[in-house]
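Everything below concerns the one structure shown next.
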Amino acid sequence: MGVLGVAERRADVSGGRFARIDLVRSGADAVSVRRASSDPGESVDVSPDGRRMASSRFDPATGRSSIWITDLSSGNESRFTTDVSNHLAPLWSPDGGLAFASDRHGHFDLY
């Protein structure tokens with residue numbers, strides 16, 4: 001199958017900077033993400049069903065990163081992590097669960 005379309009999303013990922021994220025559909029179950037920037041703070045992953053995107057965003061006011069979930073059809077966003085720790089590198093599991101790295105106990109571990 002070829003590429004069926006590209007959707008562009010812009011997310012405030014670090015200190016007021018915006019990153020372009022292209023979502024490329026190559027079939028009903030295949031979605032890939034291309035970023036315009038190689039900044040390591042711009043972690044994104046698309047859910048296995050292609051409906052949601054998880055991203056880590058740096059908040060310059062707190063100096064911390066949080067995980068946010070974006071509904072790709074509506075563009076609605078919700079904050080997934082709310083404590084004062086750093087949360088990075090979200091990764092969807094095949095069954096739709098979400099794993100990420102956090103330093104909530106003083107060192108980074110997977111949650």
Flag for SER26 being out of contact with any strand residue (DSSP E or B) (no Cβ under 6 Å at 6 or more places or on another chain), modelled with pLDDT under 90, part of a strand (DSSP E or B) and surrounded by 10 or more Cβ atoms within 10 Å (Cβ to Cβ): yes
Which residue pairs have Cβ atoms closer than 7 Å, lie 6 or more positions apart in sequence or on different chains, and pair a first residue in region 93-111 that is surrounded by 10 or more Cβ atoms within 10 Å (Cβ to Cβ) with a second residue that is modelled with pLDDT of 90 or more and of a type in the set (Val, Ile, Thr)? PHE100/ILE67
Where residues in region 54-110 are of a type in the set (Lys, Arg) and either over 15 Å from VAL44 (Cα atoms) or at pLDDT below 90 (or both), which of them is nearest to the chain's Cα centre (by Cα)? ARG57
Could you look through region 32-53, keep only residues that are closer than 17 Å to ALA99 by Cα and among the acidic types (Asp, Glu), and pick out the one that is modelled with the highest pLDDT? ASP49
Of the numbered conditions (1) out of contact with any Ser or Thr (no Cβ under 6 Å at 6 or more places or on another chain); (2) assigned to a strand (DSSP E or B); (3) β-branched (Val, Ile, Thr); (4) without any contact (Cβ under 8 Å) to a residue 60 or more places away in the chain, VAL84 satisfies every one except a single condition; which is it? (2)
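Inside region 60-81, can you point out the residues that are of a type outside the set (Val, Ile, Thr) and assigned to a strand (DSSP E or B)?
Applying the first criterion (of a type outside the set (Val, Ile, Thr)) to region 60-81 yields 60-61, 63-66, 68, 71-80.
Scanning region 60-81 gives ARG64, SER65, SER66, TRP68, ASP71, GLU77, SER78, ARG79.
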Any pair with Cβ under 6 angstrom, 6 or more apart, that starts in region 42-59 at a residue that is more than 15 Å from LEU91 (Cβ to Cβ) and ends at one that is in a strand (DSSP E or B) and hydrophobic (A, V, I, L, M, F, W, C): GLY50/VAL31; ARG57/VAL13; ARG57/TRP68
For MET1, which of the numbered conditions (1) more than 14 Å from the chain's Cα centre (by Cα); (2) at pLDDT below 50; (3) of a type outside the set (S, T, N, Q); (4) in a strand (DSSP E or B) fails to hold? (4)
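The values are calculated or read from the model by the stated rules, or taken from the named source; none is laboratory data. No experiment lies behind these values; they were computed from the predicted model shown. Quick reminder, even Gly has a Cβ in these numbers, built from the backbone with ideal geometry, and neighbours come from all protein chains shown.
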